[in-house]
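The structure appears right after this line, and notes come after that.
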Amino acid sequence: MEKSRRMIWILSFCFIPFVLYGQATPTLNISDTYFSYSLDELEAIRSLPIANEELNQQKCEALDSMIDELTAKPLPDGLATRCIAYLNVANRDFALLSYQIAQKFVGNVDLLTLKILQLINADFRPAHLIQVDPYSSKISEIVFSKIEERYKEEQAHLKDYSPKLGPNYWKEEPPYLGQRIGTCKLWLVPSLESVEVMPPPNFDSIIWSFGINQIFFDQALMTPTMKKLVFYWGGQDGPKSGNWLAIANKYLEGKSLAFPDFLFIRATLAMGYVDALAAAFDAKYTYWVQRPHMRNSKVVQVINCPKHPSYPSAHSVTSAASATILIYFFPDEKEKWQKMVFEAASSRIWGGLHYMYDNEAGLIQGEKVGRMVIEHLANPPIQEALQSKK
C-alpha cells in the first residue's frame, strides 16, 4: 500500500512536459545582466584601472558564510531567502559587467555583498575588514544602486492580508509567519495570477477528513527513516537541512561548470525560489485553511507546526519549483531531484502538518512556477547599450 502511494506521488510529478527535461543546459549569453545599465555607468567603470584579482566560483562560494551569519536567526517577511536572491543577482551582474570591460572575470564582490547585507540588516557587521580596489568599488556602487532601488520599492509594496474570521478558518496568536511574503516583488514569474492554485474545497468537504486519515495511516507506519526525513526537511537537522538553495549550492560545488553558468544557475534558482515562496504564501493568506491538528486534536505533530495557514504546502511549492529548475539544468539527475521532492512533500504529512490535498496543490503550483521561470530566463541585456555605442 505504501509503495503504491509512493509511486502515485512520483508519477504525478513526472508528468511535467518532456520539453523541459529533454533539453541540455542552455547556451548563456555573457552579456545578459538582470538589470539594465546605461552608457554613462559603463564609461564610469571603463575609466578606472582594471582590477587584478580574479573573480571565480570559489570566491563567490566563500561569501556564503557571510550570508549564513546574517540568516542564522529568523528574519521577517522571508528576508533570508529574498536576501540570497538579491546577492546572487548582484554577483552575477557584477561579474558580467566586469567581463564586458576587461574581457575576463576580475574584481572583488566583497563590498557589494556587504552593502546588500547591511541593506537587509543595518546592524550587520562583517567578521573581517572589507577593502576593495577602485574598479571593484565602482562596479559595486553601480550594481548596488539597482539592488537598493528594487529592494526599497519591494519593501514599500509589502502588506498584510486581511484575515478570514470564524471557526472554520485558521487562527493563531499573532505575529503570524510570512504574512507579507506573498506581496513581495516577483523576479521572473510575470504575475501571481499566472501560477495561482485552485480555491480549496469547502470546510465540510470529505477531502479534509481523508487527509487526516492519511496522516493517521502514515504515522502508524512511521519508520526511523521517515521520521528522520520529517526532521531534515523541517530544518531541524542542522542549519542548512531541508534548504533547497543550500542543497543546490553543495551540488554545484562538485560540478565542473563554466563560471558564467555557475552564476546563472545560482541566480535563476534563487529568484525562482522567492517567486515560489511568494506564490505559496499568497495562497495561504488568501484562503486561511486550518492545519490538520486544528480539525482533529488527535493529530500528532512530530515537529512544531509553523504559524501560517495550511493550504497549499509551501514545502511542496518550493520543492517542485526548485526541482523543475534543477532538472532543466541537470536533466541527467531528474530522478534524484524528483525523489527529493517526494520526500520533502511527504515529510509534511508524516509530520502531521499538512493534508495530502495541500501537497497535491503545492506540487502543481510549484511546477507552474518552475516552468514560468524557465520561460522567462531572458533578462534585459546590457548588450543593447554596447551595440548602440558602436
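Each value in this text was obtained by applying a stated rule to the coordinates, not by laboratory testing. This structure is a prediction, so every number in the text was calculated from the model and none was measured. Positions of Cβ are generated from backbone atoms using ideal geometry, with glycine treated the same way; all protein chains shown enter the neighbour counts.
Spread over its residues, the convex hull of the C-alpha atoms of segment 130-220 is 231 Å³ per residue.
Computed 3J(HN,Hα) for segment 124-137, one whole-Hz value per residue from the Karplus formula 6.51 cos²θ - 1.76 cosθ + 1.60 where θ = phi - 60°, is 5, 10, x, 6, 9, 5, 9, 9, 9, 6, x, 4, 5, 5, glycine and proline marked x.
Each of 197, 373 was scored by other Cβ atoms within 10 Å of its Cβ. Listed from fewest to most, they are 197, 373.
Kirkwood-type hydrodynamic radius, the chain: 22.0 Å, calculated from all non-identical alpha-carbon pairs. Selection among 166, 233, 195 by position relative to the dipole of segment 150-236 gives 233 as farthest towards the positive end (Cβ unit charges, Cα centre). Karplus-derived 3J(HN,Hα) values for segment 95-103, using 6.51 cos²θ - 1.76 cosθ + 1.60 with θ = phi - 60°, are 4, 6, 4, 4, 5, 4, 7, 9, 6 Hz; glycine and proline are entered as x. Under Stokes-Einstein, with the Kirkwood radius over Cα pairs as Rh, the value for segment 263-321 at 37 °C and 0.692 mPa s is 256 µm²/s.
Counted by neighbouring Cβ atoms within 10 Å, the residues 157, 376, 354 run from fewest to most as 157, 376, 354. Taking the C-alpha atoms only, the angle from helix 314-329 to the longest principal axis of the chain is near 50 degrees. The long axis of helix 2-14 is offset from the longest Cα principal axis of the chain by roughly 40 degrees.
Averaging the sequence gap over all C-alpha pairs within less than 8 Å and six or more residues apart, then dividing by the number of residues, gives the chain a relative contact order of 25 percent. Put in line by how crowded their Cβ is, counting other Cβ atoms within 10 Å and starting with the fewest, 368, 104 read 104, 368. Expressed as a fraction of 2.2 N^0.38 Å, the value expected for a compact globular protein of N residues, the C-alpha radius of gyration of segment 35-157 is 1.04. Once the Cα atoms are used to define both axes, helix 356-375 deviates from the longest principal axis of the chain by about 20 degrees.
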